[in-house]
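The next block holds one structure in the form of structure tokens; read it before the comments.
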Amino acid sequence: MPEIDRLPPLRDVIATHGLAAKKSLGQNFLFDLNLTRKIARAAGANDGGVFYEVGPGPGGLTRALLSEGAGKVIAVERDARCLPALEEIARAWPGKLQVICADALELDELAILPKGVRVAANLPYNVGTAILIKWLTAENWPPVWASLSLMFQKEVAQRITAQPGTEHYGRLSVLAQWRCSAKILFDVNRGAFVPPPSVTSAIVRLEPRAQPLAPANLSDLEKVTAAAFGQRRKMLRQSLKPLGGEALLAKAGIDPTERPEDLKIEQFAALARALH
Ligand code: SAM
């Protein structure tokens with residue numbers, strides 16, 4: 001394993017600080033510093049700037065972000081057992097690592113993050129999706145963050161980046177791509193984690209669009225996508241009945257026999273405007 005700083009290998013850090021992975025916190029740690037460096041570069045660490053890392057755990061990605069060039073890392077970790085290990089990293093990089101012990105879902109990031117911050121995280125599946133939705137549904141757009149580089153189960157990564165007419169296309173694809181460009185950068189094999197999760201993961205990078213793909217009110221867009229994909233196999237005239245059915249579709253200029261998986265994001269936005 002290559003040395004990326006003067007700190008001990010992650011396996012030793014885990015042993016020294018008794019950081020046995022807790023299933024309840026979705027802890028699957030990365031030990032391979034080559035891999036964490038690759039993730040840090042994909043997140044843009046080489047360009048410097050401020051990073052927000054959610055769930056640093058023992059600090060594999062944190063160390064990589066710093067050694068690849070991040071000017072500062074603000075890290076939020078829920079598990080207080082990880083704090084002494086993160087404190088060692090903070091000492092090795094004076095003034096460059098700020099650790100907050102909190103639940104990232106509860107934290108008001110806008111109060112602490114500077115404009116242009118880049119977000120990097122390897123989070124448990126359920127927390128990752130909830131946090132992504134929290135960032136995507138921000139009231140003000142463009143948001144404070146310049147990019148999100150996040151690890152997901154591959155299937156979720158496919159849902160975020162799916163195109164119309166494909167099997168994974170759904171609510172998350174519409175919401176994410178309405179406001180962001182989104183792409184899968186690379187897969188991460190389950191064997192890279194300790195302990196290994198049950199499925200392959202993938203790193204997704206999202207960058208906010210200056211303007212959403214088409215004008216729409218967020219809550220209206222959420223209403224139409226929830227209704228449409230709630231009955232995925234049905235024609236829109238059926239699934240959108242509670243929101244106005246054929247009249248709504250006519251107003252939006254959409255064929256009532258279409259199914260949601262074939263509708264472009266711009267057409268969902270047209271439905272949201274018609275609903276409004
Ligand atoms: N970043 C480390 C790595 O790549 O090895 C750890 C990844 S592990 C999959 C997820 C981390 O997120 C754990 O350290 C866990 O304690 C933390 N975590 C889980 N839920 C969290 C939450 N709601 N807020 C902040 N951290 C959380």
### Message
Tell me yes or no: at least one residue of the stretch 95-116 is in contact with a Phe, Trp or Tyr (Cβ under 9 Å, 6 or more places away or on another chain) and of a type in the set (D, E).
### Response
yes
### Message
I'd like to verify a number: residues in the stretch 137-146 that are in contact (Cβ under 8 Å) with a residue 60 or more places away in the chain and either farther than 14 Å from A210 by Cβ or surrounded by fewer than 19 Cβ atoms within 10 Å (Cβ to Cβ) (or both), how many?
### Response
4
### Query
Within the stretch 8-20, is there a residue that is near the ligand (Cβ under 8 Å from one of its atoms), surrounded by 20 or more Cβ atoms within 10 Å (Cβ to Cβ), closer than 20 Å to V127 by Cβ and in the same structural domain as L123 (by TED's automatic domain parsing)?
no
### Query
Under the condition of being among the β-branched types (V, I, T) and within 9 Å of the ligand (Cβ to nearest atom), which residue from the stretch 32-59 is nearest to G95 (Cα to Cα)?
V54
### Query
So which pairs qualify, if the first residue must be in the stretch 45-74 and aromatic (F, W, Y), the second must be within 14 Å of the ligand (Cβ to nearest atom) and modelled with pLDDT under 95, the Cβ gap must be under 6 Å, and the two must be at least 6 apart or on different chains?
none
### Task
Starting from residues that are surrounded by 20 or more Cβ atoms within 10 Å (Cβ to Cβ) and closer than 21 Å to L271 by Cβ, keep the ones in the stretch 161-170 and report whichever is farthest from the chain's Cα centre (by Cα).
Y169
### Query
Taking helices (runs of 4 or more DSSP H) that fall entirely within the stretch 148-244, which contain at least 3 residues that are among the hydrophobic types (A, V, I, L, M, F, W, C)?
154-161, 171-179, 218-230
### Query
Quick one: in the stretch 29-47, which of the residues that are modelled with pLDDT under 95 and outside any helix (DSSP H, G or I) is nearest to P196 (Cα to Cα)?
F31
### Query
When you look at T225, is it hydroxyl-bearing (S, T, Y), surrounded by fewer than 21 Cβ atoms within 10 Å (Cβ to Cβ) and not assigned by TED's automatic domain parsing to the domain that holds L19, yes or no?
no
### Query
What is the one condition in (1) touching a residue at least 12 places away in the same chain (Cβ under 8 Å); (2) outside the structural domain of K22 (by TED's automatic domain parsing); (3) of a type in the set (G, A, S) that A250 does not satisfy?
(1)
### Message
Quick check on this structure: which one of G26, G69 is on the phi > 0 side of the Ramachandran plot and at pLDDT 95 or above?
### Response
G69
### Task
Being within 11 Å of the ligand (Cβ to nearest atom) and in a helix (DSSP H, G or I) is the filter; apply it to the stretch 60-80 and report the residue that is surrounded by the fewest Cβ atoms within 10 Å (Cβ to Cβ).
A80
### Task
Go through (1) of a type in the set (A, V, I, L, M, F, W, C); (2) out of contact with any Lys or Arg (no Cβ under 8 Å at 6 or more places or on another chain); (3) assigned to a helix (DSSP H, G or I) one by one and return the number of the condition I254 breaks.
(3)
### Message
Take the conditions within 11 Å of the ligand (Cβ to nearest atom), in contact (Cβ under 8 Å) with a residue 60 or more places away in the chain and not aliphatic (A, V, I, L, M) and apply them to P124. Does it pass?
### Response
yes
#### Entry: Subset of the stretch 81-112 [within 15 Å of the ligand (Cβ to nearest atom) and basic (K, R)]
R81
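The values are calculated or read from the model by the stated rules, or taken from the named source; none is laboratory data. Remember, it's a predicted structure, so these values are computed and weren't measured experimentally. Cβ sites come from the backbone with ideal geometry, for glycine too, and all protein chains shown count toward neighbours.
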